[in-house]
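Chemist: One structure coming up, written as structure tokens, with questions to follow.
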Amino acid sequence: MALTLRRGPAVPDFPWARGSATALGSLPGTDVAEAQRLVVGELPELPHLVELPERGPGADMIGRGAAFLVELPVQLYAGRWQIAPRPGRDMRRTADLLERDLDQLTEQGDGYTGTVKVQAAGPWTLAASLELPVGGRMLRDPGAVRDVTDSLAEGLRRHVADVSKRLPGATVLLQLDEPSLPAVLAGRVPTESGLSAYKAVDGPDAAAALRTVIETVGVPVVVHCCAPGVPLQVLRDARAAAVALDLALLKDLDPLGEAIEAGLGLFAGAVPTRPPSAGRPP
């Protein structure tokens, strides 16, 4: 769960209310109708399209993100998502889960006129997770990274347009999930053997790929990173409208303060959506 923060009148007019609450990541359970009903009812200022990964492959972050790729089909191979020669059963299941979720958002959000948020894995997290048919992650090949970035940008543009048609009175906000971005920048994404890591990506190159997606979708974009060391300058250079991060992982507030002063919005991750393994929930 996150609270949204904004600065004073010098900051651009963000499409969310000051102090509104939303959910950043996955929710527990498998009942999409009940989950979407809960979100619309309890988070009326900034509801979102629910994500329920406990439903299995295709509902997970990487499988859902890969569903938006245009002309880059994927398949499950040995428990990992891999680029496939043609669409198959795994893609059909992924598309079916997404369609069911969108149908529930359409039904539960009928008549809604505020801002609604949709989420997808970002280009660097996909590149660090999807495997090439010949082996290795897409991250190893700059050409493959460009392909997945361009494909994702076009797929998300279509997705945003679809949500806008389903909820014609709403304003769409896109959240790009980039938990792997700090590891990509630091050269800490391990190879298949685990004995080495892929070459670090430069900050300007990382920002350029994110900017490609942000400029293509045509709506405000918040980049969510739940890992330590969120690269705020990269997100500013990518022209993200806001950053979403876990307050518990912050060690130095000065860079965040500078980013906020420069006009970057903040989605402050404050309350986990999953119950603790022991003890009482917050």
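The values are calculated or read from the model by the stated rules, or taken from the named source; none is laboratory data. For clarity, every value in this text was computed on a predicted model and none was experimentally measured. Note that we place each Cβ from the backbone using ideal geometry, even for glycine, and neighbour counts take in every protein chain shown. All accessible areas refer to the heavy atoms of the entire protein, side chains included, with ligands and DNA or RNA removed. Shrake-Rupley method; radii C 1.70, N 1.55, O 1.52, S 1.80 Å.
Chemist: Quote the charge dipole size of segment 32-269 about the Cα centre in Debye, to the nearest 20; the model charges only the Cβ of Lys and Arg (+1) and of Asp and Glu (-1).
Modeler: My answer is approximately 540 debye.
Chemist: While we're looking at this one, here's another question. Once you keep just the Cα pairs under 8 angstrom separated by 6 or more residues, what percentage relative contact order results for segment 32-269?
Modeler: Answer for segment 32-269 is 16 percent.
Chemist: Another question, if that's okay. Magnitude of the Cβ-charge dipole of segment 192-282, K/R +1 and D/E -1, about the Cα centre, nearest 20 debye?
Modeler: 360
Chemist: What list of ³J(HN,Hα) values in whole Hz, one per residue of segment 38-48 in order, does the Karplus curve 6.51 cos²θ - 1.76 cosθ + 1.60 (θ = phi - 60°) give from phi, with Gly and Pro shown as x?
Modeler: Each residue of segment 38-48 in turn: 4, 5, 5, x, 9, 10, x, 7, 8, x, 9 Hz.
Chemist: Answer rounded, prolate or oblate for the chain, using the Cα gyration tensor with square roots of eigenvalues a ≥ b ≥ c: rounded when a/c is under 1.5, else prolate when a/b is larger than b/c, else oblate.
Modeler: rounded
Chemist: Additional query: Mind listing the long-range amide H neighbours of Ala244? Cut-off is under 5 Å, sequence gap 5 or more, other chains count too, H placed in the peptide plane at 1.01 Å from N.
Modeler: Answer set, sorted by chain and number: Val223, His224, Cys225, Phe267.
Chemist: Which of Leu176, Leu38, Leu266 moves the most in a Gaussian network model of the chain with Cα springs under 10 Å?
Modeler: The residue with the greatest mean-square fluctuation here is Leu38.
Chemist: Cα to Cα, under 29 Å, and not fewer than 8 places away if on the same chain: which lysines meet these conditions relative to Lys165?
Modeler: Hits, sequence-local ones excluded: Lys117.
Chemist: I'd like the Karplus ³J(HN,Hα) series for segment 238-254: coefficients 6.51, -1.76, 1.60, θ = phi - 60°, whole numbers in Hz, and an x wherever there's a Gly or Pro.
Modeler: So the J values, rounded to whole Hz, are 7, 6, 5, 6, 7, 10, 10, 8, 8, 4, 5, 9, 6, 10, 10, 7, 4.
Chemist: Pick out which of Glu131, Glu45, Glu71 has the largest mean-square fluctuation in a Gaussian network model of the chain, springs linking Cα atoms closer than 10 Å.
Modeler: Glu71
Chemist: Additional query: Got a sec? Which residues in segment 146-181 would a label at Thr113 touch, if it sits 7 Å along Cα→Cβ and we count backbone N under 16 Å?
Modeler: 167-172
Chemist: Based solely on its DSSP helices, what 222 nm [θ] is calculated for the chain when runs of n ≥ 4 H residues each add -39,500 (n - 2.57) and the sum is averaged over all residues, nearest 500 deg cm²/dmol?
Modeler: Rounded to the nearest 500, the figure is -11500 deg cm²/dmol.
Chemist: Oh, and also: What is the Cα centroid distance between segment 242-257 and segment 77-153, reported in whole angstrom?
Modeler: Taking the Cα centre of segment 77-153 as reference, the centre of segment 242-257 is 27 Å away.
Chemist: Okay, moving on. Which far-off residues, 5 or more places away or on another chain, put their amide H under 5 Å from the one on Leu173, with H placed in the peptide plane?
Modeler: The list, which skips near neighbours in sequence, is Val116, Lys117, Val118.
Chemist: Roughly what would the spin-label model give for Ala278 and Ala227, points 7 Å off Cα along C-beta, in nm?
Modeler: Each label point is offset 7 Å from its Cα along the Cβ direction, giving 2.9 nm.
Chemist: Have a look at Val271, Val184, Val234 and tell me which one the Gaussian network model of the chain (Cα, springs below 10 Å) gives the largest fluctuation.
Modeler: Val271
Chemist: A further question on this structure: Hey, what do the phi angles of segment 220-228 turn into as Karplus ³J(HN,Hα) couplings, whole Hz, using 6.51/-1.76/1.60 and θ = phi - 60°, x for Gly and Pro?
Modeler: x, 10, 10, 9, 9, 9, 9, 9, x
Chemist: Separate question: Using the Cα centre of the chain as origin and beta-carbon charges of +1 (Lys, Arg) and -1 (Asp, Glu), tell me which of Ala244, Pro272, Ile62 is placed farthest towards the positive end of the dipole.
Modeler: Sorting the options by dipole projection puts first Ile62.
Chemist: Continuing with the same structure: Keeping the other protein chains in place, figure out the carbon and sulfur percent of the accessible area of the chain, with a 1.4 Å probe.
Modeler: The C+S portion of the solvent-accessible surface of the chain is 53 percent.
Chemist: Going highest first, how would you order 52-61, 196-205 by mean Cβ packing within 10 Å?
Modeler: 52-61, 196-205
Chemist: Using Cα-Cα distances under 8 Å and only pairs 6 or more residues apart, what relative contact order does segment 72-195 have, in percent?
Modeler: With pairs under 8 Å counted, the relative contact order is 29 percent.
Chemist: Considering only DSSP beta bridges where both residues belong to segment 32-269, give the percentage that are antiparallel (nearest 5).
Modeler: Close to 20 percent.
Chemist: Would you mind working out the magnitude of the charge dipole of segment 22-159 relative to its Cα centre, with +1 at each Lys and Arg C-beta and -1 at each Asp and Glu C-beta, to the nearest 20 Debye?
Modeler: I would put it at about 540 debye.
Chemist: Residues with amide H under 5 Å of Gly122's amide H, sequence separation 5 or more or different chain, H placed in the peptide plane at 1.01 Å from N; which?
Modeler: Asp177, Glu178
Chemist: Put +1 on the Cβ of each Lys and Arg and -1 on the Cβ of each Asp and Glu in the chain; which of Thr106, Pro53, Ala78 then has its Cα farthest toward the positive end of the dipole?
Modeler: Ala78
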